[in-house]
Structures are given as C-alpha cells and as structure tokens.
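Structure record follows, encoded as structure tokens.
Since every read-out is calculated from the coordinates, none of them should be taken as a lab result. The structure presented is a predicted model; accordingly, all values stated were derived computationally and were not measured. Counting neighbours? That spans all protein chains shown, and the Cβs are built from the backbone with ideal geometry, glycine included.
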Amino acid sequence: MSSHTHVDAKSLADQVRQSVAATEPGSPLTRTPVTGPGTVEPLRRLVQIEYQSHAVELVAYGTLLSRFPHDPAAELWLRLGRVVREATPKLLHVARSLHMDEADLADWSTELGAYSFHGAVSWVAASGSQAAAALAAHTDMQVYYAGATAVARRLRDTDAEAPQEFIDYYDDPGDDALNELALAVTQDGLDRGDDPRGALFHARRVADSLLAVWRVASAEAATGRRTPGKEHR
C-alpha cells in the first residue's frame, strides 16, 4: 500500500456491511417455529455453539494481546475478553432455563458449520494484521448483535414458547463505544501500513462464519435432530 494512500476504517466497515446487507439478521433462525415441541431445539443449539466459542475467543484475544500489545489495540483485546468472560455465567443461566447442563453444552455437533466461527477467529488471531483483527471484531459485534436481537425480539413479539432468560440474554444491542474502539484500532493498523484487503478478507470470513452458525442452529428444527437437553426434570 502506498504511503500516500489513505484508507478509512469506516469505509471498510461499510463495505463489509453492504456485503451482508441482503441477509436477514439471524436468518434463518428468525423463521423457526415459535410453538410446539421443536421450538426450543434451535435455541439449545445456538446456546451450545456460543458456549463452546467462548473459550476460543478468550484464547484469540490473548493471542492478539501478545501480538499487538500497544494501545489502542491492547485496550480492545482486553475489553473484548472481559465481555466474553462476563457473558459465560449468564449464558450458563440461559442454558439451565433450557434444561441443559454442562455435559450438554460440551457435546460436539456433527455439523462443521458449528465451528466456522471458531476457525475464522482463530485464523485472524494467529496470522491476521492488527487492522484485520480489529475489523473482524467490529464485524463480529455488528452481525452477532443484529442477529441475536432479531431472534430475541421475534420470540418476544410472537409470545413464543421460549424461556425469558434466553430472550433477555440475546436481546442486547451491544456496546457502541466498543464498536467505535474497534474501528479506531482498525484505523491505527491501517495507518501503520496494514493491508486493507486482508482486513476485508478476514472481516468477511467472520461475517460468513456467524451466518453459518445461525444456519446450523436453525437446521436442528428442520432435520428433527435433537440437541442434548432434558425436556422434563
């Protein structure tokens, strides 16, 4: 990249946003049944996948802190790690409301798409640039919170047979300040000479991986496969 070329982090984020704009947030999980015996199976699957991703995210943010220990990057990795660490006990509470225990949460899906986010995050943490990792984090927050909120609000608006704990956990718009920090870290990386093409590549991989997670979660209802969990206790 030429030293005279200015690349704006917000313009890169806009490009990523446009690439996923045609996809309904949380689709197709927003179209799964809201009544009947299959209602909670996609929700269990989503909780299971997210729970398993938390450990991967913590390792990724620790790796990024060791690779990019300067500010403002260090602040971003630390804050993202804190968000995940504080979310885990809340997610366990959601799991219990769905009659899942820790053994259920640790059970491995046979669907490779369940681990697409694990791979995308690990890849950018291990070999991506600072700009790539920060833009990927920004994309993660944009896609995840939009999809989660869409699912939670549909369940609430339709009086679905879903635990209130699930709705409360996923009806979360995210942290605007953290989004802005991710863009600032992206810009700092670009200003240091990071390749914007690599940043776009990894950000799009993260967006694709999250959409794959939604598809795997919703597929449980379509195929009739059960996520481990107890209907009655």
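For Gln164 and Asp8, what is the calculated FRET efficiency with R₀ set at 30 Å and r taken between the beta-carbons, to the nearest 0.05?
On the way: r = 42 Å, r/R0 = 1.39.
With R0 = 30 Å, the Cβ-Cβ based efficiency is 0.10.
What is the helix-to-structure angle for 196-223, meaning the angle in degrees between its Cα long axis and the longest Cα principal axis of the chain, kept from 0 to 90 and rounded to the nearest 10?
It works out to around 0 degrees.
What's log10 of I(q)/I(0) for the stretch 1-82 at q = 0.11, 0.12 Å⁻¹, Debye sum over Cα points only, no solvent?
Values, matching the q order: -0.57, -0.66.
Counting alpha carbon pairs within less than 8 Å and at least 6 residues apart, what relative contact order, in whole percent, applies to the chain?
Reported relative contact order: 38 percent.
On full extension of the chain, what length is gained from Gln18 through Ala126, given 0.36 nm per residue of separation minus the C-alpha to C-alpha distance?
Working: separation 108, 0.36 × 108 = 38.88 nm, distance 2.66 nm.
Extra length available between Gln18 and Ala126 comes to 36.2 nm.
So what's the net charge close to Ala152: Lys and Arg +1, Asp and Glu -1, counting the other residues with Cβ under 9 Å from its Cβ?
Once positives and negatives cancel, what remains is 0.
How far, in degrees from 0 to 90, does helix 40-67 lean away from the longest principal axis of the Cα atoms of the chain, to the nearest 10?
Its long axis makes an angle of about 20 degrees.
With angles folded into 0 to 90 degrees, how steeply does helix 116-127 sit against the dominant principal axis of the chain? Use alpha carbons for both and round to 10.
Between the helix axis and the principal axis of the chain, the angle is about 20 degrees.
Test of understanding: ordering Glu41, Glu75 by Cβ neighbours within 10 Å, fewest first, what list do you get? Don't skip to the answer; put the middle values down first.
On the way: Glu41 24, Glu75 15.
So the ranking, lowest neighbour count to highest, is Glu75, Glu41.
So for the chain, Kirkwood radius off the Cα pairs, Stokes-Einstein at 20 °C and 1.002 mPa s: how many µm² s⁻¹?
Estimated diffusion coefficient is 118 µm²/s.
Which one of Ser109, Ser53, Ser218 has the biggest mean-square fluctuation once the chain is modelled by GNM with Cα springs under 10 Å?
Highest fluctuation of the listed residues: Ser109.
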